[in-house]
Amino acid sequence: MADAMAQRRIDPIALRRAFGTFVTGVTVITTRDCDGNPRGMTANSFTSVSLDPPLLLVCVGKAAASFPAFNETQSFAVNFLHEGQVETSSVFASKAADKFQSVNHDRAHTGAPILTDSLTWFDCTVHNRIEAGDHIILIGQVQAFGTSPSAPLGFCRGRYASVKDPLPAGWMASQDMIIGYLVEAGNRILLRTDGKGSWVLPTARRRKADSQLVLDGGEALTLVPENTFLYSVFDVADSDPGYLVYRAELSRESAEAALPDGHAFFSLDALPYERIATHELRAMLRRYARERQDKRFGIYIDTGDGGRVAMIDGQSQSWTQAASE
Ligand SMILES: Cc1cc2nc3c(=O)[nH]c(=O)nc-3n(C[C@H](O)[C@H](O)[C@H](O)COP(=O)(O)O)c2cc1C
């Protein structure tokens, strides 16, 4: 009784308008329903919550068609949109049945759909669900995330807004690179365990194409030096350095010798995609397996518009030979 008296009548339309004066970014939250179908909606109720443990939250309306999926799921993803994604925001704010037809998506850690093109993504397990009026507060524990240097999409007073100068000078660019190697032998690729149940690329300090490749663990592999070329340049997360990935071919002796600890070969048509540590590495390995069949490779460079691929054929030639032609 006392509560009812204390609760003053608040006009919901005026309240929504007042809430809308708060400037936010725009996200698409995604999950899978009990049949494994991707579900998602536009949401600007994102809040970062905690660094240790890494927690975030979003508020999901109980009237949304995808509410049951978010209310039952054990995992979900939050994809921040960049300034070029107004259309994506509109699609995911609609009731369209086929929202995921308009975007590329992939799995990272939990299996929740990660939009391939986004400003930043967080792949989360559900930490807690709290009842809150006509919404639930969905608290996620971040299991994996990635970001890009694009400009964010903003939202205020019911309209999209642009955010000026979002990237401080030197941000990301100042970081070192991880040098990864796609080492091939026959139709197999060499991968290294990350010690946490996933596979990553072997890494090395040295970029120079040579017959000796000394891996970060200290083990040496012998390569066919003329078959090493740059394959991909990309960023995974703002806390990580970027990746420079070279494609290389193992010499016959190394291919037949015992492998360094924690390394294993995987056939190109049976790569363990579900256990590749990051979404970016997985996408790159998928592309490599595809291109390997045609012996035509693309060099990928991460750019603001989702990246670019330049095609080359599988054979490299010496600089002196190329220069004299
Ligand atoms: C910019 C923007 C932000 C939104 N934020 C939220 C939100 O935080 N939570 C929510 O439940 N709905 C939010 N919505 C509304 C949902 O996107 C909308 O109801 C959508 O139709 C839900 O999709 P569904 O019914 O297919 O699940 C937002 C819409 C827009 C355009």
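Each value in this text was obtained by applying a stated rule to the coordinates, not by laboratory testing. Since this is a predicted model, take the numbers as computed values, not measurements. No Cβ is skipped: glycine too gets one built from the backbone with ideal geometry, and neighbour counts run over all protein chains shown.
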dims of the range 21-155, Cα set, principal axes, largest to smallest, nearest Å -> 35, 34, 33
Filtered hits (lysines, Cα-Cα < 29 Å from LYS62, offset >= 8 within chain) -> LYS95, LYS99
With 0.36 nm assigned to each residue of separation and the Cα-Cα distance removed, GLU226 to ALA64 gains 52.6 nm
Residue separation between ILE10 and THR125 times 0.36 nm, minus their alpha-carbon distance, gives in nm 37.9 nm
By Cβ neighbour count within 10 Å, fewest first, CYS34, CYS124, CYS59, CYS156 rank CYS34, CYS156, CYS59, CYS124
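Report the relative contact order of the range 1-107, percent, no decimals, based on alpha-carbon pairs under 8 angstrom and at least 6 residues apart.
On the way: 113 pairs, mean separation 29.1, N = 107.
The normalised contact order for the range 1-107 reaches 27 percent.
Mind sorting PHE122, PHE70 by how few other Cβ atoms lie within 10 Å of their own Cβ, fewest first? Mind dumping the intermediate values first?
Working: PHE122 28, PHE70 25.
The fewest-first ordering by Cβ neighbours comes to PHE70, PHE122.
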If amide H atoms are modeled at 1.01 Å from N in the peptide plane, then the residues at a separation of 5 or more from ALA144, or on another chain, having amide H under 5 Å from its own are ASP123
